[in-house]
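First comes the structure, then the notes that go with it.
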Amino acid sequence: MATSKLTEERPTGRPDEIKAVPVRHPGRWIAAAIVLVIAASIARTIISGAGSKTVPNSGFQWHVVGQYLFDSRVLHGVVVTIYVTALAMVIGIVLGVIAAIMRLSPNPIVSGASWLYIWFFRGTPLLVQIIFWYNLQALFPTISLGIPFGPALIHTHANTVITTLVAGLLALGLNEGAYMSEIVRAGIISVDEGQSQAAQALGMSRLQIMRLIVLPQAMRVIIPPTGNETISMLKNTSLLSVISLGELLFAAQTIYDVNYKVIPLLIVVSIWYLVMTSVLYVGQYFIERHYGRGFSRAQRATMRERWLSIGSKQQ
Amino acid sequence: MSELMVKAEGVHKSFGRLEVLKGIDLEVRRGEVMCILGPSGSGKSTFLRCINHLEKINAGRLSVDGELVGYREKGGKLYELNEREVARERAEIGMVFQHFNLFPHMTALENVTLAPIQVKDVPRSDARNRGQQLLQRVGLGDKLATYPVALSGGQQQRVAIARSLAMEPKLMLFDEPTSALDPELVGEVLDVMRQLARDGMTMIVVTHEIGFAREVADAVVFMDDGVVVESGPPAEVLGAPRHERTRAFLSKVL
């Protein structure tokens with residue numbers, strides 16, 4: 001038979017290792033050259049564009065950048081930016097989880113309320129919301145806290161409660177909650193229904209299933225977009241400069257309003273934003289790795305391994 | 001303690017306008033192993049899911065160990081059980097799924113110890129000891145710290161069985177436990193189930209493994225189109241089926 005003949009003719013032992021001439025990629029070298037030339041010309045402009053002696057405030061003025069990079073007012077702005085970002089994200093995530101769970105509720109009133117919240121805060125510009133909260137005392141001069149339609153327990157002027165910081169946090173947090181709820185909802189939906197059923201069959205309560213089974217698995221889907229949201233939030237805090245909250249951009253503005261060195265101070269601001277977002281990238285990497293456990297046989301290759309593998313043949 | 005573990009009388013279940021169960025009557029005694037056979041879509045998995053109230057029945061009566069599933073009867077009236085009471089009923093019934101449904105973010109041991117710790121308030125160290133014993137019993141004593149993704153299908157299903165046993169159930173439900181497995185892995189799961197039957201566990205097994213049913217089952221039920229067509233000892237139902245539909249089905253799967 002044909003098959004048995006083939007078996008007989010096959011030489012014994014392992015065949016020789018393949019030695020072939022690899023495919024050349026001239027296109028890659030040309031593309032790399034073009035990119036390098038453009039990058040070099042941009043770098044030259046940035047370095048040599050230090051400004052001319054005759055035209056004041058022209059060019060990048062790197063010495064001014066260096067002078068203000070660690071200015072105490074700028075550093076204070078950095079600190080304010082960090083804690084406003086952190087607080088607003090905490091408010092946003094808490095509201096987001098609550099709104100997402102409400103949205104998935106079988107009760108139409110509860111899910112409808114969540115839908116309305118998301119619809120309103122996603123549908124209006126963040127800048128408008130910020131100015132709105134800042135001017136709240138114009139709408140409600142006094143604020144009362146108490147039993148609905150019953151006696152008020154606390155009664156005070158809006159001005160004393162809605163400070164600039166509170167207005168800023170309310171605006172950023174409420175807006176973020178609307179976006180986060182959609183992210184959390186997508187995460188919850190992504191968990192296979194069999195997971196809840198297995199947990200139900202073991203006698204676990206709905207709250208236990210959500211907390212121990214569904215949310216930890218949803219985190220894998222929730223974390224990457226939440227990282228994006230945090231980076232957006234960090235930059236969106238600069239919008240609070242319009243209500244004179246002393247964050248990083250406002251700190252720079254108060255300096256350049258006096259000395260007119262606008263460009264160097266905006267560079268200072270940009271450097272600090274880049275430093276902060278870079279730190280967030282690192283944090284996100286570790287959080288993703290934590291929640292990714294149990295989902296792939298091998299952990300994803302580290303950054304170092306990926307750089308090293310560029311030179312290898314498999315790439 | 002009731003001699004009957006499961007008693008179903010005229011159980012009906014519909015999904016919308018589609019009637020899946022059209023009056024199921026059957027009884028499972030304590031310590032008995034019942035295998036349910038039948039073509040896909042015959043309602044056998046749905047019936048299994050009714051027993052631990054993952055599905056609500058529309059008509060008839062279904063009780064486990066003398067207690068109605070999902071309801072309480074008082075003065076001739078039925079009262080729906082609340083979430084807590086349903087969970088308490090479920091905690092006494094183990095269930096093994098076709099697709100294992102292990103918790104992927106937990107190790108094998110964590111999968112096994114989770115429910116005893118959370119639901120029965122077993123101290124953590126006791127739960128761990130018991131979990132280790134159970135995993136050893138299903139032949140996975142060396143996989144305690146392994147995540148499900150790194151286990152074969154047969155190993156995952158054995159962890160799932162150990163996870164159910166950790167709750168010390170009085171009844172075990174198996175929903176096509178070997179249907180998602182590669183053929184060479186089916187044996188190891190059936191071995192564990194065979195051992196469990198020998199130890200006296202009451203089991204209801206929805207399966208296509210005729211050999212297992214013949215060897216292990218005390219009773220075999222053949223279901224088709226939402227009704228029980230034929231039931232009895234395996235020698236009768238599998239060896240000398242009286243009904244034409246049973247014969248046609250067996251000739252296809254054997």
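Is the shape of region B:1-145 rounded, prolate or oblate, going by the alpha carbon gyration tensor and its root eigenvalues a ≥ b ≥ c, with a/c under 1.5 for rounded and a/b larger than b/c for prolate? The shape class here is prolate.
Structure remark: mean-square fluctuation, Gaussian network model of chain B, C-alpha springs under 10 Å; the largest value among B:128, B:198, B:163 belongs to B:198. Distance between the 7 Å Cα→Cβ label points at residue A:23 and residue B:168: 6.4 nm.
In summary, the lysines within cross-link reach of residue A:19, defined as a Cα separation below 22 angstrom excluding same-chain residues under 8 places away, comprise A:313.
Overall size of chain B from C-alpha positions, given as principal axis extents largest first: 51, 49, 34 Å. Close amide-amide hydrogen proximity is noted between residue B:221 and B:35, B:36, B:37, each under 5 Å apart and 5 or more residues distant or on a separate chain (H modeled in the peptide plane; Pro and chain starts excluded).
Rounded if a/c is under 1.5, else prolate if a/b is larger than b/c, else oblate: which is region A:114-238, with a ≥ b ≥ c the root eigenvalues of its Cα gyration tensor?
Details: a/c = 3.18, a/b = 1.69, b/c = 1.89.
Taking the square roots of the gyration eigenvalues as a ≥ b ≥ c, region A:114-238 is oblate.
When only Cα pairs below 8 angstrom with a gap of at least 6 residues are kept, chain B shows a relative contact order of 26 percent. By the combined test of axial Cα extent (at least 15 Å) and Kyte-Doolittle hydropathy (mean at least -1.0), the qualifying DSSP H helices of chain B come to B:108-119, B:153-165, B:183-198. Could you state, as a whole-number percent, how many of the C-alpha pairs of the protein assembly as shown are farther apart than 29 Å? Here the tail beyond 29 Å accounts for 70 percent of pairs. Annotation for residue B:88 and residue A:48: the two label points, set 7 Å from Cα along the Cα-Cβ direction, are 8.5 nm apart. Think of chain B as having a plus end and a minus end, set by charges on the Cβ of Lys, Arg, Asp and Glu; of B:41, B:98, B:66, B:66 sits farthest toward the positive end of this dipole. Within the set B:56/B:77; B:7/B:56; B:44/B:74; B:13/B:77; B:22/B:74; B:7/B:252, which residue pairs have Cα atoms separated by over 23 Å? Checking Cα-Cα distances, B:44/B:74; B:22/B:74; B:7/B:252 exceed 23 Å. Between residue B:27 and residue B:253, the simple label model (points 7 Å from Cα in the Cβ direction) yields a spacing of 2.5 nm.
Result for chain B in a Gaussian network model with C-alpha springs under 10 Å: among B:106, B:201, B:172, the largest mean-square fluctuation is at B:106.
Taken together, the values in this text are just the output of simple stated rules run on the coordinates, not laboratory data. For clarity, every value in this text was computed on a predicted model and none was experimentally measured. Note that each Cβ is placed from the backbone with ideal geometry, even for glycine, and that neighbours are counted across all protein chains shown.
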